[in-house]
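Everything below concerns the one structure shown next.
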Amino acid sequence: MNATDMGGDLQQVLITQEQIERRLDEMAAQIDADYEGRDLLLVGVLKGAVYVMADLSRRLRRSVPMDWMAVSSYGSGTKSSGVVRILKDLDADITGRDVLIVEDIIDSGLTLSWLMGNLGSRGANSVETATLLRKPEAVRVEVDVKYVGFDIPTEFVVGYGLDYAENYRNLPFIGTLSPSVYES
Ligand code: XMP
Ligand code: MG
């Protein structure tokens, strides 16, 4: 699938599939090295992280368990408030385990900050985060993201798990939408 197949919906391809794949190779190699000999559990945040989880986990040179959470941030419109509700909790007990949260994007960082605190309070040995994308707003919240794929500008992006009204998640690249999509 390319930008042309999207009709007029797409404004610009921001990060190509090849760029994503190369960066995931590097991130996986780093995670393999950092977690050598440790009891790693990947925790994906639904739904956006599905693609990152699939492609990152398959690059690890080890068998690794994975679990999923779904959270929703209270707030009006598109801005997250940092008050988070768990829609689907973990199946696993994370006591004593090294947890790596897998995210698609960190925007304000408020959701992640809450999530790291929440998982930490359950007795995990460590809680770190790997995200494909990070927006500049994230620096305003004291949240330490260990693995970042790409720092991107403050623009609404879709693809590779990210949606606009549940569409565009399956694009194999990251792109921006034409204003006409929002207006219609
Ligand atoms: P925080 O708490 O970091 O929330 O502000 C991050 C969540 O906001 C959503 N988000 C986006 N979703 N394109 C999207 O499709 C974007 O550009 C975007 N920016 C933020 C997303 O749900 C993420 O988990
Ligand atoms: Mg998300």
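Tabulated values for the structure
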{"quantity": "Carbon and sulfur %, accessible surface of the chain computed with the full protein complex present, 1.4 Å", "calculated": "47"}
{"quantity": "Alpha carbon centroid spacing (whole Å) that separates region 97-150 from region 152-184", "calculated": "22"}
{"quantity": "Using alpha-carbon coordinates, inclination of helix 17-34 to the longest axis of the chain, degrees", "calculated": "10"}
{"quantity": "DSSP-defined beta bridges in the chain - what % are antiparallel, rounded to 5", "calculated": "35"}
{"quantity": "Rg and Dmax [Cα atoms of the chain; Å; Rg one decimal, Dmax integer]", "calculated": "16.3, 52"}
{"quantity": "Probe 1.4 Å, protein heavy atoms only - accessible area per residue of the chain in square angstrom", "calculated": "50"}
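The values are calculated or read from the model by the stated rules, or taken from the named source; none is laboratory data. Model, not experiment: these values are computed from the prediction. What goes into the accessible areas is simple: the full protein's heavy atoms, side chains included, and nothing from ligands, DNA or RNA. Shrake-Rupley method; radii C 1.70, N 1.55, O 1.52, S 1.80 Å.
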